[in-house]
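Trainee: Once you've had a glance at the structure underneath, I'll fire off some questions.
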Amino acid sequence: METIELLADNQVVRINVPLIGRRTLSLDCIPERVENGFFDVSFFPDQLPAEELDLEGQCTLSFDVSDMVYIVRARIDSLSASGKLRLINVESFSSGQKREYFRIDTELSLLYRPVDQDEEHAAEKTRVNLSGGGIRFPASTHLRLRDKIMVKLCFGDLTEIDAECVGQVVRIDEKRGGHMEVAVAFLDISPKDRDKIISYCFARQREQLRKRVRVKDDRHGAG
């Protein structure tokens, strides 16, 4: 079965939508139908900033099936008054990425510092994008590309360290208001700590999907 056909079997998938100013926004969406390369996606209430969309840009969708991650790149065909996007498939493929490195958005606390410095910086209960292979988070201090940093993850509050590792800054994005978001690839991490992160990602993903499916069922029931 082709990737674009597999898309229709997923209740909730991840989508990066293009925004004006060469920005992107990562959201959850619900694919509603696939026909002749066109498909519709809808969003949860108040998620999609329609006025900021770059209608000339491309969207990237990702989802997992049987331990593999699939990618669909699509052009925006139209935006409905109800906030649905109609997309047309441009390219679709399997990334070859294993499910254990599938990324989730979640909230946790963390401590981090460059390996050549002693002062730690704290980010408490902040939104991050996490997998067994790395993390993306908002940084309150200046970091440079390829910097190596020590990262300590706290799945609850800052009183207990659940996992720690040395990672390398592989991407830096400037957000609104001059804030910085950094992507860090884990370089030196124990198998035990990586397993903790993967287990946490699985648990959070299952919890998030249960909530989203309930929302979808409630919306269909109301209709």
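Trainee: Among the residues of segment 21-38, is there at least one that is touching a residue at least 40 places away in the same chain (Cβ under 8 Å), of a type in the set (A, V, I, L, M) and under 13 Å from residue 74 (Cα atoms)?
Mentor: No, every residue in segment 21-38 fails to be touching a residue at least 40 places away in the same chain (Cβ under 8 Å), of a type in the set (A, V, I, L, M) and under 13 Å from residue 74 (Cα atoms).
Trainee: Also: Do we have any residue at all in segment 179-186 that's modelled with pLDDT under 90 and over 30 Å from residue 21 (Cα atoms)?
Mentor: Looking through segment 179-186, none of the residues is modelled with pLDDT under 90 and over 30 Å from residue 21 (Cα atoms).
Trainee: Now a separate question. Kindly list the number of the only condition in (1) of a type in the set (Ser, Thr, Tyr); (2) touching a residue at least 12 places away in the same chain (Cβ under 8 Å); (3) more than 19 Å from residue 103 (Cα to Cα) that fails for residue 159.
Mentor: (2)
Trainee: May I pose another question? Return the residues of segment 9-37 that are surrounded by 13 or more Cβ atoms within 10 Å (Cβ to Cβ), at pLDDT below 80 and over 24 Å from residue 128 (Cα atoms); say none if nothing qualifies.
Mentor: 34
Trainee: Considering segment 102-123 alone, what residues qualify as being charged (D, E, K, R) and modelled with pLDDT of 90 or more?
Mentor: Listed by number, the residues that qualify are 107, 113, 116, 118, 119, 120.
Trainee: With 15, 4, 30, 71 as the choices, which residue is over 24 Å from residue 106 (Cα atoms) and among the β-branched types (Val, Ile, Thr)?
Mentor: 4
The values are calculated or read from the model by the stated rules, or taken from the named source; none is laboratory data. The structure presented is a predicted model; accordingly, all values stated were derived computationally and were not measured. For neighbour counting, all protein chains shown are included, and Cβ atoms are generated from backbone atoms with ideal geometry for every residue, glycine included.
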